[in-house]
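Have a look at the structure below, then the notes.
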Amino acid sequence: MLKHQILLAPILWVAASMLTPQVLAAPKETGFSESGDAAKGRRIFNRCKACHNLTATNRTRLGPNLDSLFGRQAGSAHNYKFSKALAEATFNWTENSLNEWLTKPNTFLPGNKMQFAGIRQKQDRNDLIAYLRQATVSSTKKK
Ligand code: HEC
C-alpha cells in the first residue's frame, strides 16, 4: 500500500503541474479573451455577411458597414440610419463591448434593430472578434 502511494505521488504532481497553467489562463466566463482564431472567425462571419460589409463603401446592406469598427463610437458609421438605441449610444466598440453585443444584442442594448439572436459559444465569439480585428481595418489605415 505504502509502496503504491510513493509511486503515485510524483505522477499526480506532474499531472497537477501540467493542468494548473491552463486553469489559470482560462478566460472569465463572460469576458473577451485573446485566444481567438481569426481563420475560424472568418467562417463564423458567414452568419453576419448577409447584413454587413466589412469595407468602407457607400453601399450598405441591411446593417451598417463594419470598417474601422474598433475604437469608433457605436451608431456612428457613415451612410447608415441607426435605430434610436444605437444612434444615442455613447460607448465605443472594443473587444469587450463587441463580445457583449454579440452574446445577446437585445439584452446588451434593448431597442436596437439588429435581427440576430446572438452567438452562444464563447469560443466562437472570441474567434469572430479576432477575425474582425483584422478584417475591419479600413483600407486607408492599413499599414
Ligand atoms: C439580419 C441582419 C443582421 C445580421 C445577421 C447581423 N447584423 Fe449586425 N446589425 C444589423 C442591423 C440592422 C444593425 C443596426 C442596428 C440598429 O441600428 O439598431 C446592426 C448593427 C451592428 C453593429 C453596430 C455597428 C455600429 O456601427 O455601431 C455591429 C458591430 C454588428 N451589427 C455586428 C454584427 C456581427 C459581427 C454579426 C454576425 C455575428 C451581425 N452583426 C449580424 C443587422 C444584422
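All of the numbers you see were taken from the coordinates with simple rules; none came from a lab. Since the model is a prediction, treat every value here as computed from it, not as a measurement. Note that we place each Cβ from the backbone using ideal geometry, even for glycine, and neighbour counts take in every protein chain shown.
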**OP:** Could you list the chymotrypsin sites (Phe, Trp or Tyr not before Pro) in the stretch 67-123 that lie in coil according to DSSP, counting only those with at most 14 other Cβ atoms within 10 Å of their Cβ?
**Re:** Y80, F91
**OP:** Step through the residues of the stretch 74-83 one at a time and calculate ³J(HN,Hα) from phi using the Karplus curve (6.51 cos²θ - 1.76 cosθ + 1.60, θ = phi - 60°), rounding each to whole Hz and writing x for Gly and Pro.
**Re:** 4, x, 10, 4, 6, 6, 8, 9, 7, 5
Original post:
Looking at the stretch 26-124, which trypsin sites (Lys or Arg not before Pro) are DSSP coil and have at most 16 other C-beta atoms within 10 Å of their C-beta?
Top reply: K28, K49, R59, R61, R72, K81, K113, R120
Original post:
Between R120 and A38, what length comes free when the chain is fully extended (0.36 nm per residue of separation minus the Cα-Cα distance, one decimal in nm)?
Top reply: 27.8 nm
Original post:
Amide H of N92: which non-local residues (sequence gap of 5 or more, or other chain) have their own amide H closer than 5 Å, using H built in the peptide plane?
Top reply: A74
Subject >> Lys/Arg +1, Asp/Glu -1 at C-beta; the stretch 30-135 dipole; positive extreme among G36, W93, M114 >> reply: M114
Original post:
Hey, got the dipole for the stretch 30-135? About the Cα centre, +1 on K and R Cβ, -1 on D and E Cβ, debye to the nearest 20?
Top reply: 420
